[in-house]
Amino acid sequence: MTPHLEAKLGDYAETVLLPGDPLRAKWIAETFFEDARQVNGIRNCLGFTGSYKSRPISVQATGMGQPSTAIYAHELIHFFGVKTLVRVGTCGGIHPSVKLRDVILAQTASTDNGMNRAAFAPFEFAPAADFGLLRAAAGEAERRGIKAHVGGIVSSDLFYGPEGRYQVLTDHGVLGVEMEANTLYTVAARAGAKALAICTMSDCLITGAALDPASRQSSLTEMVTLALEAALAA
């Protein structure tokens, strides 16, 4: 048990999916897991463990933002023996090549967050996905006919920012913006764990287009299936 996770050692599988939203964690467990049981309820950041295709699997909500993600990733790895962490979330599109419902497999994650600066000075650390997970996810997406882009994203501390804020990143090929992946990759790298962020583009920051509720739900189903298959194959 930790300050944020009431589970006992062994309650989490070695592979954990990480949505931000607690209710999305509950939905994943109820929709995809066999014999799902709740293992965490502290702060209503729900966690569940069950099985997928007879393999142990867990899901744990992280809340929004990088500080919260850092807490859950650290505790899962260091107190519960988790070895593989896959973020499953939505993102805003900032590159014209990415369309609504497309999936981004985050090869790298830039950030405007300052947590790494003091730790790595004078260097700029470049957090990256585990290649085995990335390769497995890309292959699974191709097999399933899911439109997936492999490339960089940015994890921002700002949900509401000035217009044009991400243009310099777009000019350098960055595909989308979310709020967690950079820290997830850093915590995993420090501990020798595997991590990958998979995000569905639900809102386009270029055109203002957004998925309706029904499309958002079906897109998330595709993404979570992709994440589960890739995590078990890697």
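Data for the structure
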quantity: Segment Thr2-Asp212, extension gain: residue separation times 0.36 nm, minus the distance between their alpha carbons; calculated: 71.8 nm
quantity: Calculated [θ] (222 nm, deg cm²/dmol) that DSSP helices of n ≥ 4 give over the chain, each run adding -39,500 (n - 2.57); calculated: -11000 deg cm²/dmol
quantity: Distance between modelled label sites at Leu9 and Glu124, nm, 7 Å Cα→Cβ extension; calculated: 4.2
quantity: Straight-distance crosslink candidates among lysines, where the alpha carbon sits under 22 Å from Lys26 and sequence neighbours closer than 8 are dropped; calculated: Lys8, Lys53, Lys83
quantity: Given the chain, longest segment not containing exposed loop chymotrypsin sites (Phe, Trp or Tyr not before Pro) (DSSP; at most 16 other Cβ within 10 Å); calculated: 1-122
quantity: Environment charge at Thr15 (Cβ cut-off 11 Å; Lys +1, Arg +1, Asp -1, Glu -1); calculated: +2
quantity: Neighbour net charge for Gln38 - beta-carbon separation under 14 angstrom, K R +1, D E -1; calculated: 0
quantity: Longest exposed-site-free window of the chain, the sites being GluC sites (Glu not before Pro) in a DSSP loop that have at most 11 other C-beta atoms within 10 Å; calculated: 1-123
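A short reminder: the numbers here are calculations on the coordinates, not readings from a lab. Model, not experiment: these values are computed from the prediction. With ideal geometry, Cβ positions are generated from the backbone for all residues, glycine too; neighbour counts draw on all protein chains shown.
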